[in-house]
Amino acid sequence: MRKIPEFPRYRMAKPPVSSRWLATCAAIILMSGAIAVVLNKSAAGSGVVLMSMAGIAALCGLAWLLRVLYFRLSVHHACTWSDEVEREHARWWAIHQRQFALNAVVLIGPSGAELSDWLRVIEREHPAPPLRQEASGKARRIPGVFATDPGEREKQLAQMLVLQWKKQHGDAPAVYPEKFFWLGNLDAWSAFAAQLNHCFPKMQVPAQPEAWQGAKTLALFADIFGDVDRPELYLIAGCRALSPSCDADRPAGECAVLWLAGCRGDVLLSRGEVFEPAEAESLRDVTLRAEMQSGLAASPDRCMLFSHPELAELAECGWNATHNIQDDYWGIPGELEALVVISLAAISAKSEANPCGWIASDPQCPLAVGVVKPYGK
């Protein structure tokens with residue numbers, strides 16, 4: 001979890017008690033006078049007694065002033081420490097609330113590939129795709145992909161993803177991506193890169209993409225694009241075709257996702273928050289901080305997620321964690337779970353002009369949580 005940095009409280013000195021100091025000083029002065037009288041019994045010693053009492057009184061007064069000065073300095077240092085802590089917290093939130101934009105979202109799954117398909121899925125008006133019985137179990141498959149081997153299916157999905165991007169967003173993007181992030185096997189990346197080079201000959205596609213690492217990569221994008229206005233774009237893509245298993249609770253699924261991320265776009269995406277059940281913080285605390293991170297005054301009406309029966313905390317997360325569960329439309333999406341639910345949240349936020357939450361598994365933690373907002377809101 002990304003908690004706000006904590007600092008120890010400044011241990012401020014206790015204020016001096018005037019009555020106690022006055023009584024103590026008076027007792028010391030009288031005691032010093034009595035001692036001076038005993039030591040100087042002659043009449044001439046009365047001056048010495050008064051001088052000694054006056055000296056002790058001056059020393060007591062000096063001690064009082066030093067004690068008051070020590071307390072005032074302690075108060076000053078405590079105020080300075082508190083101001084520095086507040087500034088550090090404000091600096092942390094300023095960085096933590098940075099956001100980046102998505103200006104292209106392409107999503108392919110068993111329920112379709114067009115925007116209209118996903119709007120019906122979000123409204124739960126789209127029928128669940130049919131189950132296919134395979135040799136090792138049941139699966140939900142994408143129509144138009146005919147290979148039987150999962151690796152070959154992923155290659156075809158990668159090519160289909162580029163063609164769908166070109167179909168949805170025109171012949172060529174206004175700005176070619178500067179960096180490429182990939183989630184999937186490298187054979188599928190090679191097919192994806194070859195199709196990119198074929199469809200967009202001027203695009204410079206690297207032989208080796210950078211790896212998508214979930215919330216860690218989201219934080220990287222927020223830091224890069226949320227600080228200054230930058231013209232470049234990053235391309236994020238991935239595809240996965242899972243093999244079915246007779247022991248699995250859900251059928252195997254397959255999907256493909258493509259984003260273009262930058263400073264400006266259709267929706268804004270934060271770096272998100274992460275949840276560790278072993279920590280003292282509850283999932284509700286994490287969702288509240290995700291709302292603060294995105295500048296929301298209330299919880300989002302929608303939340304895109306897959307079911308997580310092993311996490312009972314989902315029922316008390318404070319978000320609508322039952323209305324938009326995606327299990328029936330995808331099967332098991334594998335490592336692309338976060339990319340799928342964030343894509344659906346982006347489509348929902350853009351079409352409805354309202355924030356949409358998302359909850360997904362993450363490579364580094366059990367759950368990642370975040371909010372997608374319409375751009376400019």
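Below are the figures for this structure:
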item	result
Residues of the stretch 305-330 satisfying the condition of being aliphatic (A, V, I, L, M) and either in contact (Cβ under 8 Å) with a residue 60 or more places away in the chain or touching a Pro at 6+ places or on another chain (Cβ under 9 Å) (or both)	Leu311
Candidate set: the stretch 167-216, residues that are more than 13 Å from Leu235 (Cβ to Cβ) and among the charged types (D, E, K, R); chosen: the one surrounded by the most Cβ atoms within 10 Å (Cβ to Cβ)	Lys216
In the stretch 71-119, residue nearest to Pro251 (Cα to Cα) [restricted to those that are among the aromatic types (Phe, Trp, Tyr) and in a helix (DSSP H, G or I)]	Trp118
Residue match in the stretch 292-299 (condition: touching a strand residue (DSSP E or B) at 6+ places or on another chain (Cβ under 7 Å), buried (at least 20 other Cβ atoms within 10 Å of the Cβ) and not small (Gly, Ala, Ser))	yes
Residue match in the stretch 303-312 (condition: among the hydroxyl-bearing types (Ser, Thr, Tyr), touching a helix residue (DSSP H, G or I) at 6+ places or on another chain (Cβ under 6 Å) and either more than 20 Å from Ile236 (Cα to Cα) or outside the structural domain of His169 (by TED's automatic domain parsing) (or both))	yes
Tally, over the stretch 339-377, of residues that are without any contact (Cβ under 8 Å) to a residue 40 or more places away in the chain and buried (at least 17 other Cβ atoms within 10 Å of the Cβ)	1
Neighbours by Cβ (under 6 Å, 6+ apart or cross-chain): first from the stretch 228-254, of a type in the set (Val, Ile, Thr); second assigned to a strand (DSSP E or B) and surrounded by fewer than 24 Cβ atoms within 10 Å (Cβ to Cβ)	Ile236/Phe181
Residue within the stretch 327-338 that is more than 30 Å from Ala90 (Cβ to Cβ), out of contact with any strand residue (DSSP E or B) (no Cβ under 6 Å at 6 or more places or on another chain) and surrounded by 24 or more Cβ atoms within 10 Å (Cβ to Cβ) present	yes
Positions within the stretch 283-319 being touching an Asp or Glu at 6+ places or on another chain (Cβ under 7 Å) and either on the phi > 0 side of the Ramachandran plot or not small (Gly, Ala, Ser) (or both), in sequence order	Leu283, Arg284, Val286, Arg289, Gln293, Phe306
Selected residue [under 24 Å from Lys373 (Cα atoms), buried (at least 16 other Cβ atoms within 10 Å of the Cβ), in contact (Cβ under 8 Å) with a residue 40 or more places away in the chain and in contact with a helix residue (DSSP H, G or I) (Cβ under 7 Å, 6 or more places away or on another chain)] from Leu161, Leu102	Leu102
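The values are calculated or read from the model by the stated rules, or taken from the named source; none is laboratory data. All values derive from a computational prediction rather than experimental measurement. Here the Cβ is made from the backbone with ideal geometry for all residues, glycine too, and neighbour counts use every protein chain on show.
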